Amino acid sequence: MPRSLHLSEFERDFAELGAKPTHIRRLWRAWLGLASWQSQGHASYPKALQEKLPEIQSQLESLARFNVKESRQAESSKLLVMLPDGACVEAVLLPRQALCISTQVGCAVGCAFCMTGKGGLERQLSSAEIAAQYVAATRIKPDIKKVVLMGMGEPSHNLAAVEEAVEFIGDVAGLAHKQIVVSTVGDERLFDALPTWSVKPALALSLHTTDFEKRQKLLKNAPALTPEYLLQRTLDYAEQTKYPAQIEWTLLAGINDTFQEVERLAELVAGRYAMVNFIAVNPTEGSDFKRPSQDHIEDLITFLRRKGIVATLRDSAAQDIEGGCGQLRARHLSAAREAPISLEKLDR
Ligand code: SF4
């Protein structure tokens, strides 16, 4: 199986077949379902490109194939994304026309509460594979308005591919830039790069605690940067772009759900352009982490709101369909070891 190309490598190949920038734009719009694959009138494709069109179309369409699981609990669908080499990642269609996509197969950060983190990193996704999750999702739900790069993987570990995919989604597909959200555990490379991108996405910081040592234990391979520094970089970017910073906090009962910790968070973000999203942990098999009670979560939210901070409990999408990051894929891989899945059975 040939390796999956980046969007820029596809473009280089198109150019070698004689494509001009207008042809390349048209090919991308055809992949997005916004234009016909056939060339017309003054925008006719060069002969070499025209001859290769069926191959190009088939290669692009095969970048991401979906197996869809509907949630009974919310208007969410968990998507198992099958990649051309047989690897798989997860994407989730979320309420309010949003889509969550992955940036890597597996993840090297190793968060203690995350199923994806347990398996480590398998491989990078190409920029075309990241963008393909959006393209394929629009075939199921054409009105997607928001894309969050918050699925499997740490975007800062696959920075060049993430930049290309964000540019494609913001520029070619035309989503509002503030509706593209890159989520990170915090990494100098990403903080330094983001202000230079032509499409500047919103930024979400997976903070989870204001205690440096606790954070190093929970996010064992995250860069050793203090919560204060991470918040400073995230909030500075938010104020430059005028998109609020999203502070993500997975609530783990008895570990990071005390009023004392949340008060420290309030001190650090007071008066800054930020909102706090709590996510109650989705317990995974063999894990001791538990969700705090609903009453306690509501008390924490009220506590922050009284201090003037926007705080919400984010819907941990599709709890009934292996909703935690990596659980659907883990279930699929374990089933596949017993009975390999047939691609013909996968929905598109
Ligand atoms: S929570 Fe995110 S960063 Fe942490 S291991 Fe899972 S995928 Fe990686």
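The values are calculated or read from the model by the stated rules, or taken from the named source; none is laboratory data. Small disclaimer: the values here were computed from a predicted structure and weren't measured. Heads up, the Cβs are rebuilt from the backbone with ideal geometry, glycines too, and the neighbour counts pull from every protein chain shown. For the accessible areas, the whole protein counts, side chains as well, though only heavy atoms, and no ligand, DNA or RNA atoms are used. Shrake-Rupley method; radii C 1.70, N 1.55, O 1.52, S 1.80 Å.
Surface analysis of the chain yields an accessible area of 44 Å² per residue, using protein heavy atoms and a 1.4 Å probe. Phi-derived couplings, Karplus 6.51 cos²θ - 1.76 cosθ + 1.60 at θ = phi - 60°, listed residue by residue for the range 12-25: 5, 5, 4, 5, 5, 8, x, 5, 8, x, 5, 5, 5, 4 Hz, with x used for Gly and Pro.
When both bridge partners sit in the chain, DSSP labels roughly 45% of those beta bridges antiparallel. Compute the acute angle (0 to 90°) between the alpha-carbon long axis of helix 227-241 and the principal axis of greatest extent of the alpha-carbon atoms of the chain; round to the nearest 10°. It is inclined by approximately 50 degrees. Between Leu34 and Arg12, the contour length at 0.36 nm per residue exceeds the alpha carbon distance by 5.7 nm.
Qualifying GluC sites (Glu not before Pro) in the range 59-168, where qualification requires a DSSP coil assignment and no more than 15 other C-beta atoms within 10 Å, comprise Glu75. With all protein chains in place and a 1.4 Å probe, the accessible surface of the chain carries 51 percent carbon and sulfur.
3J(HN,Hα) couplings calculated from phi for the range 99-106 with the Karplus curve 6.51 cos²θ - 1.76 cosθ + 1.60 (θ = phi - 60°) are, in sequence order, 9, 9, 10, 9, 10, 8, 8, x Hz; Gly and Pro show x. Our helix-only sum for the chain, with -39,500 (n - 2.57) per DSSP H run of n ≥ 4 divided by its residues, gives a mean residue ellipticity at 222 nm of -11000 deg cm²/dmol.
In a reduced charge model with +1 at each Lys and Arg Cβ and -1 at each Asp and Glu Cβ, the chain shows a dipole moment near 600 debye about its Cα centre. Working from the Cα coordinates of the range 218-303, the gyration tensor eigenvalues give, after taking √(5λ), semi-axes of 24, 16, 11 Å in decreasing order. Take the Cα radius of gyration of the range 106-169 and divide it by 2.2 N^0.38 Å, N being the number of residues; the result is 1.19.
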